[in-house]
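The values are calculated or read from the model by the stated rules, or taken from the named source; none is laboratory data. These numbers were taken from a predicted model, which means no experiment stands behind them. Neighbour counts are summed over all protein chains in view; Cβ atoms, including those assigned to glycine, are modelled from backbone coordinates with ideal geometry. What goes into the accessible areas is simple: the full protein's heavy atoms, side chains included, and nothing from ligands, DNA or RNA. Shrake-Rupley method; radii C 1.70, N 1.55, O 1.52, S 1.80 Å.
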Amino acid sequence: ALNHSSWIPAMITLMKNRKYFRWHDSGDLQGAWHLKNILEVCKQTPDTKHWLPTREARLLALMDPEIIPKNLLIRLSNAKNDTKPGNAWDHWSTVVTTPRAGHVCPAPDQGNVCGSCRACWSKDVKEVQYRIH
């Protein structure tokens, strides 16, 4: 369905009245065309804050950061647990066995939901650490 001509309009419709949206609860970008479609949805839903986690560093390397809508935060997911982020992207996430200084996701302590936490959407939070599970 990602390639369907109605995908972008359907996603825009789903965004109505949503303050926050996380892309890809599981899975990842399927290619540059998929990222382009997501960027278009974000542009057309300015009242929704979007968070896109991805491991697709190669796609991000090809993209001009200036084209990212202000309401979208792309967070590069480190491919290996307990690794420190490199310089590939401004915002990232890491799975850790032992949290270090910085923001640690509180979801495991609150029923596996974000609750009031919005760190993953925040441009002020450079790294989000997820405890291994």
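Calculated accessible area for the chain comes out at 62 Å² per residue, all protein chains present (probe 1.4 Å; ligands, DNA, RNA ignored).
Treating only the Cβ of Lys, Arg, Asp and Glu as charged (+1, +1, -1, -1), what charge dipole size does the chain show about its Cα centre? Round to the nearest 20 debye.
In debye, rounded to 20, the chain gives about 180.
With +1 on the Cβ of every Lys and Arg and -1 on the Cβ of every Asp and Glu, and nothing else charged, how large is the dipole of the range 61-133 about its Cα centre, in debye rounded to the nearest 20? Present the calculation step by step, with values, prior to reporting the outcome.
Numbers: 9 positive and 7 negative charges, 28 e Å.
Computed about the Cα centre, the dipole is about 140 debye.
Histogrammed with a bin width of 5 Å, the alpha carbon distances of the chain distribute as 2, 10, 19, 23, 20, 14, 9, 3, 0 percent, first bin at zero.
Computed extension length for TRP33-ALA79: 14.3 nm, one decimal, from 0.36 nm per residue of separation with the Cα-Cα distance subtracted. The helix-based estimate of mean residue ellipticity at 222 nm for the chain, built from -39,500 (n - 2.57) per DSSP H run of four or more residues and divided by its residue count, is -5500 deg cm²/dmol to the nearest 500. Proximity of backbone amide H atoms, modeled 1.01 Å from N, is registered between ARG131 and VAL96, CYS105 at under 5 Å, excluding neighbours fewer than 5 places apart on the same chain.
In the range 15-58, what is the volume of the convex hull around the alpha carbon atoms, normalised per residue and reported in Å³? Intermediate results must be reported in sequence, preceding the final value.
Working: hull volume 3.1 nm³, N = 44.
Looking at the range 15-58, the number lands at 71 Å³ per residue.
Of the solvent-accessible surface of the range 1-71, computed with a 1.4 Å probe over protein heavy atoms with every protein chain present, carbon and sulfur atoms account for 51 percent. Across all C-alpha atoms in the range 46-95, the radius of gyration and Dmax reach 11.4, 35 Å. The number of Lys pairs in the chain with C-alpha atoms less than 22 Å apart, excluding pairs fewer than 8 positions apart on the same chain, is 23. Of ARG118, ARG18, the residue with the largest accessible area leads and the full order is ARG18, ARG118 (1.4 Å probe).
By how many nm would the segment from ASN112 to ILE8 grow when fully extended, if each residue of separation counts as 0.36 nm and the alpha-carbon distance is taken off?
Values: separation 104, 0.36 × 104 = 37.44 nm, distance 2.92 nm.
Between ASN112 and ILE8, full extension yields an extra 34.5 nm.
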